[in-house]
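Report on one structure; see the data block that follows.
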Amino acid sequence: MKHLNKIIIAVVLFAGLNTQAQDSNNPWAVSFGVNALDTKTSAGGKNWLDGHLSQPYKIKDNWNVLPTISYVGVTRYLGDNFSVGISGSLNKVSKYVTATNSGYTVTNPGDLMYYGIEGLVKYSFKSAIKSEKFDPTISLGVGYSSLDKVTYQTITPAVGVVYWATKTIGFEYSTKYVKSFEERAILNAANAPSMIQHSLGLVIQFGATATE
């Protein structure tokens, strides 16, 4: 992990030094930062809305966060505001939410390691809102998640926004619904829950041809 952090810092410095030789049409982007996992969406609840949309930002009680860089992604711009890419993340689940008759209970299932990878298609609304700084996006991905050595397939719709501090470096926040195709209770034999994943980090564009 220390080596990964050093590599990412080097990429940031390289991008910063070359900002003047690039423009907003850089076709490649690398993103990285911290992710948080919330298993509340698999808890059930009184109804669908309660189970999926209540307590969305109960950070202290429900969110699982590793204090290190825990997601990376690479995307390639195709045209007409569409990009394709791949992303990966890791985390440790020590807070798992289950529904009870009196509300919701949070337990530690055993500090389970989580890994996720997906391919995705992303659409940017930056040109639609005519903004140079704010870049709202939606995306849809398919991939695999692994929790406690159990691997299962997922589909991942997401919304996000990037604030571009320069033409090539931005701050990114996104919320993703990691929907399991094999949703089962985590405390049973198979660990394949759906989750909400929040991500916060940096995104760096590059790849444009320098011009005089």
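I'd like the residue in segment 173-183 that is touching a Phe, Trp or Tyr at 6+ places or on another chain (Cβ under 8 Å) and at pLDDT 80 or above and, out of all such residues, is farthest from V34 (Cα to Cα). Even if it seems obvious, please write down each step before you answer.
Applying the first criterion (touching a Phe, Trp or Tyr at 6+ places or on another chain (Cβ under 8 Å)) to segment 173-183 yields 180-182.
Checking which are at pLDDT 80 or above leaves us with 180-181.
Working: S180: 22, F181: 25 Å.
Restricting to residues being touching a Phe, Trp or Tyr at 6+ places or on another chain (Cβ under 8 Å) and at pLDDT 80 or above, the top hit is F181.
Under the condition of being open to solvent by less than 60 Å² (accessible area, probe 1.4 Å) and basic (K, R), which residue from segment 103-161 is nearest to the chain's Cα centre (by Cα)?
In this case the residue turns out to be K122.
Among the residues of segment 77-95, write down those that are assigned to a strand (DSSP E or B) and open to solvent by less than 60 Å² (accessible area, probe 1.4 Å).
Step one: list which residues in segment 77-95 are assigned to a strand (DSSP E or B), which gives 77-79, 82-93.
Once the filter is applied, which keeps residues that are assigned to a strand (DSSP E or B) and open to solvent by less than 60 Å² (accessible area, probe 1.4 Å), segment 77-95 yields G79, S83, V84, G85, S87, G88, S89, L90, N91, V93.
How many residues does segment 189-212 hold that are modelled with pLDDT of 95 or more, closer than 16 Å to N26 by Cα and surrounded by fewer than 18 Cβ atoms within 10 Å (Cβ to Cβ)?
0
On the basis of being at pLDDT below 90, of a type in the set (V, I, T) and within 14 Å of T41 (Cβ to Cβ), does I186 make the cut?
Working: at pLDDT below 90: yes; of a type in the set (V, I, T): yes; within 14 Å of T41 (Cβ to Cβ): yes.
It is true that I186 is at pLDDT below 90, of a type in the set (V, I, T) and within 14 Å of T41 (Cβ to Cβ).
Looking at segment 145-159, I want the residues that are closer than 17 Å to V93 by Cα and have a partner that is of a type in the set (D, E) and not in a strand (DSSP E or B) with Cβ atoms under 6 Å, at least 6 apart or on another chain. Which pairs are those?
Listed pairs, sorted by first residue: Y152/E182.
Residues K133, K122: which one is basic (K, R) and modelled with pLDDT of 95 or more? Talk me through it step by step, then tell me what you get.
Working: K133 fails: modelled with pLDDT of 95 or more.
That would be K122, the only listed residue that is basic (K, R) and modelled with pLDDT of 95 or more.
Can you tell me which residue in segment 33-50 is modelled with the highest pLDDT, limited to those that are part of a helix (DSSP H, G or I) and open to solvent by less than 30 Å² (accessible area, probe 1.4 Å)?
Selected residue: T39.
All but one of (1) part of a strand (DSSP E or B); (2) farther than 15 Å from A36 by Cα; (3) without any contact (Cβ under 8 Å) to a residue 60 or more places away in the chain hold for T98, so report the exception by its number.
(3)
The values are calculated or read from the model by the stated rules, or taken from the named source; none is laboratory data. If you're wondering where the values come from, they're calculated on a predicted model, not measured in any experiment. Here the Cβ is made from the backbone with ideal geometry for all residues, glycine too, and neighbour counts use every protein chain on show. Just so you know, the surface numbers come from the protein's heavy atoms only, side chains and all, with ligands and any DNA or RNA stripped out. Shrake-Rupley method; radii C 1.70, N 1.55, O 1.52, S 1.80 Å.
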